[in-house]
1. Across the stretch 10-35, which residue is modelled with the highest pLDDT among those that are surrounded by 14 or more Cβ atoms within 10 Å (Cβ to Cβ) and under 24 Å from residue 262 (Cα atoms)?
2. Within the stretch 308-345, can you find the residues that are in contact with a strand residue (DSSP E or B) (Cβ under 9 Å, 6 or more places away or on another chain) and loosely packed, with under 14 Cβ neighbours inside 10 Å?
3. Going by the structure shown, is residue 369 within 16 Å of residue 275 (Cα to Cα) and not in a helix (DSSP H, G or I)?
4. Where residues in the stretch 109-128 are farther than 15 Å from residue 197 by Cβ and touching a helix residue (DSSP H, G or I) at 6+ places or on another chain (Cβ under 8 Å), which of them is surrounded by the fewest Cβ atoms within 10 Å (Cβ to Cβ)?
5. I need the full set of residues from the stretch 132-151 which are farther than 23 Å from residue 341 by Cα and surrounded by fewer than 18 Cβ atoms within 10 Å (Cβ to Cβ), in order please.
6. If you check residue 176 against the conditions, is it outside the structural domain of residue 35 (by TED's automatic domain parsing), touching a helix residue (DSSP H, G or I) at 6+ places or on another chain (Cβ under 8 Å), outside any helix (DSSP H, G or I) and more than 17 Å from residue 75 (Cβ to Cβ)?
7. Tell me, please, whether a residue that is surrounded by 14 or more Cβ atoms within 10 Å (Cβ to Cβ), farther than 20 Å from residue 44 by Cβ and touching a helix residue (DSSP H, G or I) at 6+ places or on another chain (Cβ under 6 Å) can be found in the stretch 153-165.
8. If we keep just the residues of the stretch 346-365 that are touching a strand residue (DSSP E or B) at 6+ places or on another chain (Cβ under 6 Å) and assigned to a loop (DSSP other than H, G, I, E, B), which is nearest to residue 254 (Cα to Cα)?
């Protein structure tokens, strides 16, 4: 679902964003404080069903001025369903909640069973505390776990981050490198909150989104002059992982100003790089190769201490792979179960930018060649495991994928396009799917059943 939120400058965005008339109709229906309280009661309910709960939250978000993209993040409902909900409520008002328009999904049934169980819990000796289960982001939580999480949310001044930290300690949720699964747990808690399984404290001091922060950033000059470089002038490439605040702002500014996908937000496990070139300074591949045997702090410090080249060439971004991709899944021979277990070993090259004024023969394929050798070591230093496969998408109406082909990436298929709404899907360009194996036997590794611990969370002590 979140992959649909990557912004590209397409006419569909303007059409989907032009919903002010519908918003005004909804605001006219919910114009009194009594109506607002009625809507909030449905949204907070734990016994009216997930369909009504989510739709009430959609309407509240709409009244508060949120657009479709933001509501997807706030409520976890597909955009097309959000638009349908807005339109129907604008037509018939509160009668919309009288009867759900569809049967609950299998996931919604499990959530509703959990809500009903916790509203009328049996004795603590009942086996149902262990048999009533919901799943969030790959982890199963039984009723006993949910009750313990509810008990942890007792201090109204606690932040979601602090609560997530306590949950990680309580249930021993760790990454492969021994660090707590803080980000994953935060996402799981927010989704529980969306389903009313738990109630998180109100968010405080919410940071402005990256686009607003970038308004104050010093933008690069747009009247740049072309810089033509011989390979010898930048024979040593430095791919510097982004770590400092200054580098994060530099990376975000470059992407927002010069990449055709303007958004700088990446999802899941991720690595950002700034690319420098020089004729005599050392590259970064040797740093990466030595770092996994040291601590993450030592790995980070080695990159921070390196003298950077004189020429900034571009930026790279890598993040979690696409959840479901027909061509890739068929190529690997993945079942749903095996994909869930092994998906983390596939990393997506989500951003690749060479600054528009930089011109150097074979530069793009050189960068791709080095990052394929360097990324596995950097990823292991940060996350405690090495990826097995890289993937990327090449938008066919913009690019031919020449640099990926030159760097020995393999085209395995084409996407059918994606869109915020299937109504506009025909307007969305297709993308070629390329992969780059980091291990010769990558298909054997990725299609095997992992010997990892169970997805059931475990309580310490």
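1. Among residues in the stretch 10-35 that are surrounded by 14 or more Cβ atoms within 10 Å (Cβ to Cβ) and under 24 Å from residue 262 (Cα atoms), the one modelled with the highest pLDDT is 19.
2. 310, 326, 330
3. On the way: within 16 Å of residue 275 (Cα to Cα): yes; not in a helix (DSSP H, G or I): no.
Taking the combined requirement at face value, the residue does not satisfy it.
4. This residue is 122.
5. Just the residues of the stretch 132-151 that are farther than 23 Å from residue 341 by Cα, to begin with: 143-144, 146-151.
Within the stretch 132-151, 144, 147, 148, 150, 151 meet the criteria.
6. On the way: outside the structural domain of residue 35 (by TED's automatic domain parsing): yes; touching a helix residue (DSSP H, G or I) at 6+ places or on another chain (Cβ under 8 Å): yes; outside any helix (DSSP H, G or I): yes; more than 17 Å from residue 75 (Cβ to Cβ): yes.
Yes; evaluated as a whole, the condition is true for this residue.
7. Start the filter on the stretch 153-165 by keeping residues that are surrounded by 14 or more Cβ atoms within 10 Å (Cβ to Cβ), which leaves 153, 158-160, 163-165.
Next, only the ones that are farther than 20 Å from residue 44 by Cβ stay: 159, 164-165.
Filter once more, keeping what is touching a helix residue (DSSP H, G or I) at 6+ places or on another chain (Cβ under 6 Å): 164.
Yes - at least one qualifying residue is present in the stretch 153-165.
8. Among those residues, the one meeting the criterion is 355.
The values are calculated or read from the model by the stated rules, or taken from the named source; none is laboratory data. Owing to the predicted nature of the structure, the values given are computational and were not obtained by experimental measurement. Note that each Cβ is placed from the backbone with ideal geometry, even for glycine, and that neighbours are counted across all protein chains shown.
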